[in-house]
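Presented below is the structure to which this report refers.
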Amino acid sequence: MGVIKNEYDVEGLSPTESYPGTAVKHISSKVPVYGDEKGAVPGESFTIGDSPYARIQRFANRFGVEPRGIERVPEDERTDRTLAKAGTMWLAANMVVSSFAIGVLAVPVFHLGFVDAFLTILFINLLGITPVCFFSTFGPVFGLRQMVLSRFYYGWYGVKVIAVFNILACVGWSSVNVIVGAQLLHAVNNDIPGFAGIIIIAAATFLVTLFGYKIVHYYEFYSWIPCFIIFLIVLGEFAHSGAFVNIPMGVGSSEAGAVLSFASSVFGFATGWTSYAADYTVYQPHTVSRVKTFAWTWGGLILPLLFTETLGLAVATAMTFDPETGAPTNSYAERYEISHIGGLLAEVLFPPFGRFGQFCLVVLALSIIANNCPNIYSVSLSLQVLGRWTQAVPRFIWTFVGTLIYVAIAIPGYSHFESVLENFMLVIGYWLAIYEGIALAEHFIFRRGIKGYNVADYTSAHLLPPGIAAILAFCFGVLGAVMGMAQVWFVGPIGKHIGNPLYGGDVGFPLAFGFAFVSYVGLRTVEKRKFGR
């Protein structure tokens, strides 16, 4: 009979010690034990007995599928000692055509020049990735996934609301991304229907995420290399073509509004990984340096984001449109109008390289796999946070369910409501600023750093914050976002006073963060006095 320490155990306890009120489990193999709202023993992904859960887990274990879900990763299972993986994870996820597309938006959508758009890309990315890097350092310290960590900010019940937003974001952006990949495949071969491209990319993504943390990291460790090489080819060929146009920087209120709206898109993409940042460092030992974890994550994010978005911006400057009608007036603009990002890349690669150019575009289409892997792996973890019954379903089954859902959205979206779906996702993105405002306020003001957490509390509702302050502050954050947004669907009362009166300027992200942060500080102060936790 082996001795398996309770999930509450942290470094420094002997194999038979545990926190007060918990029991050490003497078991010979693994069985699921679930926590409840009153603070029971937390869950383990164990597989003893003959329950359906146990049989499924045993079957999956034969193929190397990661059995663990949202349960805390004990120290003896944290065998991932390669800090470089914390960087290559995000390097691969962002060295993709989706981030290239963000840079392209600056010209046809926001009518910015190269210099002002580049400065926006530079400084807003530096701001946007900081929370991702910060929360990545929590994985080795606590061994908890990001949504589970969020219980310390939003409480047992409040985090379920946050998990729903995270699920919507993961599924929605996966749908948008896979549509872009399918469009690239269609640009290479018109005989490939959109649904076929979607299924190909989604199936490949599922195979990677099915096996869990280790295989996801292994795939991301190498998958960025061919994409980087192809982007270098795009850079070299485009520079050789002489099609780059150094559009001068604009001035005035319209310029300010356009910069702020473009900054909103850049920030939303960069900071979008925050809600699952810790998911990809939980198997790192607690002894790793938080500074090094932050630095590797920072490098893995900033390098591909700056490179691909600036490259997309540069290529977009080659497009010209009639100032009165908006009709395309050169081959770059014509290709973009017909096939969007795929057409723009085809205009760079196809004329000089022919078949090889088509091969390059196929590889870039498949780069969506690396971009969607974090979404689909983490959506399964967010689903497990919703309740005891969702945690009782193995993680890899939720991965399959998530895949089916986003494919079901993407196939009709390919030809019917792609733009509606993308606009909806841009609106959903404001929740990340609210999440960061509340989480950072709790961490720095009320917990005063890492030492303010008791990891043993993560399965005990009566020891976690009640979540009332967090949910109310979330509502205030939504109010701030609505007042400051400038989207296709709606321009807020503050946003419309910035820049062009017709289009406004988007300040939804900073207002959402500010409203959430300030209101949470006041509400949480009252909540702590009332409940003492």
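The values are calculated or read from the model by the stated rules, or taken from the named source; none is laboratory data. These numbers were taken from a predicted model, which means no experiment stands behind them. Note that we place each Cβ from the backbone using ideal geometry, even for glycine, and neighbour counts take in every protein chain shown. Keep in mind that these areas ignore ligands, DNA and RNA; they rest on the heavy atoms of the full protein, side chains included. Shrake-Rupley method; radii C 1.70, N 1.55, O 1.52, S 1.80 Å.
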Paramagnetic reach from I445 in region 481-517 [backbone N under 19 Å; point 7 Å along Cα→Cβ]: 481, 509-517
What spacing in nm lies between the two simple spin-label points modelled at L479 and A256, each 7 Å away from Cα in the Cβ direction? 2.5 nm
Computed FRET efficiency, Cβ-Cβ of R62 and I199, R0 25 Å: what is it to the nearest 0.05? 0.40
Efficiency by 1/(1 + (r/R0)^6): what FRET value for S415 and F531, r their Cβ-Cβ distance, R0 = 56 Å, to the nearest 0.05? 0.60
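Just to confirm, what accessible area per residue do you get for the chain at 1.4 Å probe, in whole Å²? Let's see the in-between values first.
On the way: 20960 Å² over 533 residues.
About 39 Å² of surface per residue is accessible.
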Measure nothing but the geometry: give the 0 to 90° angle between the long axis through the Cα atoms of 368-385 and the longest principal axis through the Cα atoms of the chain, rounded to 10°. 30 degrees
Listed residue (I438, V288, A86) projecting farthest to the positive dipole end of the chain, Cβ model: V288
Just to make sure I understand: if all protein chains stay in place, what is the order of I445, I201 by accessible area at 1.4 Å, largest first? I445, I201
Under a 1.4 angstrom probe, counting protein chains only, how are D322, D506, D76 ranked by accessible area, largest first? D76, D322, D506
Under a 1.4 Å probe, counting only protein heavy atoms, D191 has an accessible area in Å², nearest 10, of 130 Å²
Counting only protein heavy atoms with a 1.4 Å probe and every protein chain in place, the carbon and sulfur fraction of the accessible surface of the chain in whole percent equals 69 percent
Could you sort C475, C360 by their accessible area in this structure, using a 1.4 Å probe and putting the largest first? C475, C360
Sites L119 and A239, calculated FRET efficiency, Cβ-Cβ separation with R0 25 Å, nearest 0.05: 0.75
Helix-derived mean residue ellipticity, 222 nm - over the chain, DSSP H n ≥ 4, -39500 (n - 2.57), to 500: -21000 deg cm²/dmol
Subtracting the Cα-Cα distance of I225 and I405 from 0.36 nm times their residue separation yields 61.8 nm
Any idea what angle helix 395-415 forms with the longest principal axis of the chain, computed on alpha-carbon atoms, 0 to 90 degrees, nearest 10? 20 degrees
Specify which labelled value, from (1) 97, 56, 50; (2) 74, 52, 40; (3) 75, 66, 48, agrees with Cα extents along the principal axes in Å derived from the coordinates of the model shown. (2)
When each of K496/K530; K496/K528; K292/K530; K214/K528; K85/K528; K85/K451 is checked by Cα-Cα distance, pairs over 30 Å: K496/K530; K496/K528; K292/K530; K214/K528; K85/K528
List the residues whose amide H sits under 5 Å from the amide H of F321, counting only those 5 or more places along or on another chain, with H placed 1.01 Å from N in the peptide plane. T329
Need the full-extension length gain, D191 to R81, defined as separation in residues times 0.36 nm minus the C-alpha distance. One decimal, nm. 35.0 nm
Provide the net charge surrounding S254, with neighbours chosen by a C-beta distance below 14 Å and charges set as Lys +1, Arg +1, Asp -1, Glu -1. -2
For I468, net neighbour charge (Lys/Arg +1, Asp/Glu -1) across residues whose Cβ lies under 12 Å away: +3
Contact order normalised by length for the chain, with contacts defined as Cα pairs under 8 Å and 6 or more residues apart; what percent is it? 25 percent
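Give me the percent relative contact order of region 410-533, please, defined on Cα pairs under 8 angstrom at least 6 residues apart.
After rounding, I find 30 percent.
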Counting only protein heavy atoms and leaving out ligands, DNA and RNA, the solvent-accessible surface of I471 at a 1.4 Å probe, in Å² to the nearest 10, equals 50 Å²
Using 7 Å Cα-to-Cβ label points, what is the S51/V488 separation (nm, one decimal)? 4.6 nm
When a/c is below 1.5 the answer is rounded, else prolate if a/b is larger than b/c, else oblate, so apply that to region 222-282 with a ≥ b ≥ c taken from the square roots of the Cα gyration tensor eigenvalues. oblate
For V266, solvent-accessible area (1.4 Å; no DNA, RNA or ligand), Å²: 0 Å²
